[in-house]
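Participant: Please read through the structure below; I'll follow up with questions.
Taken together, the values in this text are just the output of simple stated rules run on the coordinates, not laboratory data. Just so it is clear, the structure is predicted and the values come from calculations on it, not from any experiment. Because the Cβ atoms are built from the backbone with ideal geometry, glycine has one as well, and the counts that use them run over all protein chains shown.
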Amino acid sequence: MARVGIFDARFANDGAARDHLEALRWPDGPVCSHCGGTDRNVRLEGESHRAGLLF
């Protein structure tokens, strides 16, 4: 397995790191941890929501 460094492109900023970790957890897209649904997941954006929040 290749060594992972904190200077890899996947960790260049918060958004890139979040994208990488979400791809590891959900390779086919986000899945609701409560009901297992995949069709109604929405990413909340705006200043009133924290980055990466899904509804």
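Participant: Looking only at the stretch 1-26, which residues are part of a helix (DSSP H, G or I) and surrounded by 10 or more Cβ atoms within 10 Å (Cβ to Cβ)?
Facilitator: Across the stretch 1-26, the qualifying residues are R10, F11, D14, G15, A16, A17, R18, D19, H20, L21, E22, A23.
Participant: Mind counting the residues in the stretch 27-45 that are loosely packed, with under 10 Cβ neighbours inside 10 Å and either within 16 Å of D14 (Cβ to Cβ) or within 11 Å of the chain's Cα centre (by Cα) (or both)?
Facilitator: Count: 1.
Participant: Now for a different question. Could you tell me whether the stretch 37-44 includes any residue that is touching a Gly at 6+ places or on another chain (Cβ under 9 Å) and either of a type in the set (F, W, Y) or not in a loop (DSSP other than H, G, I, E, B) (or both)?
Facilitator: yes
Participant: Considering every residue within the stretch 20-41, establish whether at least one is without any contact (Cβ under 8 Å) to a residue 24 or more places away in the chain, touching a Leu at 6+ places or on another chain (Cβ under 8 Å) and not small (G, A, S).
Facilitator: Yes, the stretch 20-41 has at least one match.
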